Each structure stands twice: as structure tokens, then as C-alpha cells.
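Taken together, the values in this text are just the output of simple stated rules run on the coordinates, not laboratory data. Owing to the predicted nature of the structure, the values given are computational and were not obtained by experimental measurement. All Cβ positions, even for glycine, are placed from backbone atoms using ideal geometry, and neighbour counts span all protein chains on display.
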Amino acid sequence: MPATTPRSPAHRPRPLGDYALLADGERAALLGPDGDLVWLCVPGWDDPAVFSELIGGAGAFQVCPEEPWRVAEGAYHDGSLVWTGHWTLEDGVVECRNALAAPADPHRATVLRRLHAVKGAAAVTVRLAVRGGYGADPPLLPHRTGPDTWEASRGGLWMRLRGLTDARVGSDGELTARLTLPEGARHDLVLELSDRPLDTPVPPGRAWWSTERHWTAAIPDCTALPATRDVRQAYAVLTGLTNPRTGAMVAAATTSLPEHAGSERDYDYRYAWLRDQCYAGLAVAAHGPHPLTDAAVGVATARVLADGDRLRPAYRVDGRPVPDERTLPLSGYPGAADRVGNRAGNQFQLDTFGEILELLAAAGRQDRLDADGVKAAHTAVAALEENWTRPEAGLWELPPAWWTHSRLAAVCGLRAAARDIRPPDADRWRDLADRILAETRRRCAHPSGRWQRAAGDPRPDAALLRPLASSTWPPGDPMLTATRRAVERELTEDGFVYRFHGDDATRLGDSEGAFLLCGFLMTAACRVEGRPVAAARWFERTRSATGPPGLFSEEYDIRRRRLRGNLPQAFVHALLLENAARTAREETDGDGAG
């Protein structure tokens, strides 16, 4: 890769909350309100981007009105990742429907864009620049191969664009064109990008039909749940981030989006974190049987049986190790330095085993756990038995320590597995849970009667709310209430929850934003305490931390009202879904109908 990588002068990065997600399970794209696709990796999640303007590279696909617009907005088709952009002009209205075609092809990304001149005639501009290697590769130079078809290939990358009869191609490979649509007219553009030569194209109408059918089948009915539309979108996000071949779910679609303005704390989340996928599987299981839980169980089972106590916290979606971290020679999203790979892939994180056991137990309750899943549970228990006293990186991927959350997660996982998998040695699993809890209480109970962050670290940590809200934790435990109160007192601001006090921070928000996962953990803690009004307040406040497309990132900058971190963050959507499902169930039970 050269020392510097060209970037397009046409793109000015927008606030992260303005971007919409298109995804098909094999890869994802981010779409800005200006009709610009500024992020897409081909052929798969962690392959180099061919559109990378989002993080300072070259390459994008923009479709928008030629005339300056008064308002640019859009919305998802309910229960899908089909996004319709809507532009209000001086004397007209133009829409563009956008999706990645589904079911997905592992080698070919197909971008569907359907223009509609809703009111008045519309002049539309098209800009396409395909640059592999995060913009570092030489540009693809499209040439006409049919009446409305343009193709190019270079270095193992093939491109085909359909729907343009006239276009101009610059020396930098950028294709530009102008379309004129009479009022009421619709026009399809179809872009295919592949690591293999392209075969016979699929007609646009058939591709749209297949994509719509895919989303209708994937998303369950959620009308009985609170925040129904947001829950259905959470299902769509989790589905879009889950690889249909392997079942692995990436933590987020992007890399190098900053966690705090100007901090250069940014990471690559285009990998499958087992803990995150357990959160998603458990969330969906709280609503009812669904393929997303089955996928999570399959991935966890395969990885535990393959690696045992050498289990990594994260993998590529095909099960290979996460590559080492390295930087790219790009200017980056404002406030960030571009990175690919993730050093967390080599850490040891004890809580992952506890979350896997809870997931396998949930599958057991629904009678959806096979013999391999039971074997994986035994392997996970053996790994906990051997390693529970060992310092490790924990949920927040920090330097090794005796993190309280990890031990409590192990206790919950062991208790759930003993209860719901019912192995012959269930008593031994419960005894191990009791031993871990007793030693954790000795080392990590704060003198005030709450749990503290770690042995030797008396501060609170919002992660502790996760195991304390588990169904395996004794109801009415005073340490839950004391811990929740300490988190609320010391780690909240304006209705949002932070993870912990940073070592170098003088006040909350100085080093990172509020952690949206933790807002939903607070919701769950209040709910199991029997405080439904407080739970609803935390739920609604956390649910508000999105941009117009309704996507959650990892963090929220309260003072600037901005999303921070990679987008969209899967486990935040999962916890919204789980809280909605459990709230609906408890309300039904409370009415005597459960």
C-alpha cells in the first residue's frame, strides 16, 4: 500500500447518526442522506473496502437530484434494511429506494437503487468510483458493454453497472452521468461487485422481489412488544449483520469510527465476538424460537468444541483468527485514525464462557439443543473449572485483572446450564458456581454491601448489572439494589449510563461517551428489582440515542448529541429487543394471562 491513499474531494463526512445501513449478511454498506454510499467491503465483512470515503479513502456510489434540495430525509421499510431516501426540491419530490440484494451471494455484492420522480420531472446525477484496497488500488475504468451496461475489472475485482445509457468516465475512473425522469417515472440502477467474473445478470424486478421476500420471512411479528417498530428494526439489524452461511454475527459493520471526538480511540469491529452473539441469541430467545438464536448456538458450539479453554473472544465470520491490528494511510473519519484488525482477538475473556453457557441453556429450555451443544456445555464448564481464578481481560478488554463481572457471568452461566440442560453432573456444576461466587464475594464485595469493579478496585462498573439481572440470580438480592444505586449515583448523566470512570478522566464523558449497552442493562436491573416506571424511563432515554435512521452505535456523546463508535453496534440492538420482550412477558404475567 502506498504511503498516502487518494480520497475523493466530493465527500464531506456527516454525523454518524445520519447514515443508514444496507446489509445482506455477507457485507454491509453505509448510505448518507446525500444519496452517497460511502462504505462497502467486497466480497466479505473484513475484506478491503471498495467504497471508503467514510474513513478518508476513495470510492463511492452517489445517486441524488441535480437540483439543490430543501430537505433530505428517509426511512426504512418496516422490518427490513430497505431504505428509501426522500428529497424535497423547490418544485418537486424525488425518492430513491436502496438495498443490498438478498438472499446474499458470498462472492457478489448487488446494490439495488430504484429512482422515482414522485412529483415533477427530476434530473438526477450519478457518480460511481470503485477503488479497491480502501482506495489504494488503481481505479477500475468502466467501459460500455451494452446499451445501458458498463463493466470493468482489475486485480481480482469485477464490476458491472446497469441502467445508464450515457455516462462519462474520467481518467481517475470516476463514472458520472445525468438521468432525466418524467413525473411518475421509475428507473433502476443495479451495481454488481465481485471477486469473480460476473455471470448472467438478474433482472432488477426479480432482484427486488427476492429481497422483499427475504425480509418478510426473516422478521417475526412483534406487535405484542413495546416499541414495536424499533424492535422489528433491531431484528433487521441483527439479521443483516449475521452471515447466512456460517451463522456468525459481526459486532458492527465498520472500522475506525471514533469513540470520542479527537481521542483517536477507534477499532475494527467487523468480526464476530462470541459474547456479543450470545447477547443477541439470548435476546431473541426471550421473545421466542428464531433462527438467530439457532445461529448463535451453532457458532458458539463450533468454536468451543474446536478451541476449548483456548477460546478466543472474537473470530472472523468463517472461524479464522482475527488478524493483527494495523493502521491504514488514510485521513480517517474526523477524530479517528484508521485501523484494521483487532488485538482483542488474542485475549482471554472469562465471561465469554458464562455467556455461552447461558445461551446453550436457553436453547435447552426451548428444546433446540443437540448433542454437540450439550458437549460444548461440558467443555465450557471444564474451561471455567480450570481457569476461573486466572486474571483476564474481561468484558471491556482491559489489562488482565480479577474482574468481578467475569466471575458473576460464570456463576450465572453455570447455574443456567445446570437448571436447563440438566446434565448428570448438574450438582457439580452448581457446586462450582457456589465456589466461584464465594471467592468472588470474598475478593470483590465492597464494604458498603455492593459489588465492586475488581479485586483491588472499589469503583462501580455498569457491567455488573448484566449478571445481577439474570434469571439465575436470587430475586430481591440486596447487592443488586446496592450495586444499581452505586452505578446510578456515580456513572449516570442526564438519563444515560457510562461504563466506568476512566483512570485519566476528571469527569464522566471526558474520555468516552455514555455506553448505550449500559443504559439497557440499567433498564433490566430496574425491571428485575420490581421498579417498572424507572425501567421504562431508562429504556426510553436510551432508545432515544439514535439519528434519523434509528441505528445505535456503541456510545453517545451527551454534550454534543452525537453517536460515537462503530455503526451499527449489534449488542445495543440486541439489548433493546431483550428488554422489550421481557417487559411484555412480565406485563402479560402480571395480568394473569401468562
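Per-structure values
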read-out: Surrounding net charge for Asn98, when Lys and Arg each add one and Asp and Glu each subtract one, Cβ distance under 14 Å; value: -3
read-out: Residues whose placed amide H lies under 5 Å from that of Ala121, excluding near-sequence neighbours; value: Glu183
read-out: Whole-Hz couplings from phi, Karplus 6.51/-1.76/1.60, listed for the stretch 82-96; x for Gly and Pro; value: 9, 10, 10, x, 9, 10, 9, 9, 4, 10, x, 9, 10, 10, 9
read-out: Arg229 versus Arg585: modelled label distance in nm, points set 7 Å from Cα along the beta carbon direction; value: 2.7
read-out: Among 303-312, 422-431, 561-570, the order from most to least packed when residues are scored by Cβ within 10 Å on average; value: 561-570, 303-312, 422-431
read-out: Magnitude of the charge dipole, the chain, Cβ model with Lys/Arg +1 and Asp/Glu -1, debye to 20; value: 420
read-out: Gain on full stretching of the segment that runs from Asp503 to Thr88 - 0.36 nm per residue minus C-alpha separation; value: 144.6 nm
read-out: Prolate/oblate/rounded label for the stretch 219-590 (Cα gyration tensor, a/c 1.5); value: rounded
read-out: Linear extension gain, Asp431 paired with Thr125, 0.36 nm per residue minus alpha-carbon span; value: 103.4 nm
read-out: Percent RCO, i.e. relative contact order, over the stretch 219-590, from Cα pairs under 8 Å lying at least 6 residues apart; value: 19
read-out: Backbone HN-Hα couplings from phi across the stretch 156-163 [Karplus 6.51/-1.76/1.60, Hz, Gly and Pro as x]; value: x, 10, 10, 9, 9, 10, 10, x
read-out: Residues Phe539, Phe552, Phe353, sorted so that the one with the fewest Cβ neighbours within 10 Å comes first; value: Phe539, Phe353, Phe552
read-out: Reference-scaled alpha-carbon Rg (2.2 N^0.38 Å with N residues) for the stretch 16-214; value: 0.95
read-out: Whole-Å distance, taken between Cα centres, linking the stretch 235-290 and the stretch 389-444; value: 24
read-out: Mean Cα-pair separation over length for the stretch 190-312, i.e. relative contact order, pairs under 8 Å, 6 or more apart, %; value: 16
read-out: Helix-only CD estimate at 222 nm, as mean residue ellipticity for the chain, using -39500 (n - 2.57) per DSSP H run (n ≥ 4); value: -10500 deg cm²/dmol
read-out: Relative contact order of the stretch 372-453, pairs being alpha-carbon contacts under 8 Å that are 6 or more residues apart, as %; value: 25
read-out: Residue-by-residue Karplus 3J(HN,Hα) for the stretch 185-199, coefficients 6.51, -1.76, 1.60, Hz, glycine and proline x; value: 6, 10, 8, 9, 10, 10, 10, 10, 10, 8, 8, 9, x, 7, 8
read-out: Dipole magnitude of the stretch 245-371, debye to nearest 20 (Cβ charges: Lys/Arg +1, Asp/Glu -1, about Cα centre); value: 220
read-out: Neighbour-count ranking [beta-carbon atoms within 10 angstrom, fewest first] of Trp215, Trp396; value: Trp396, Trp215
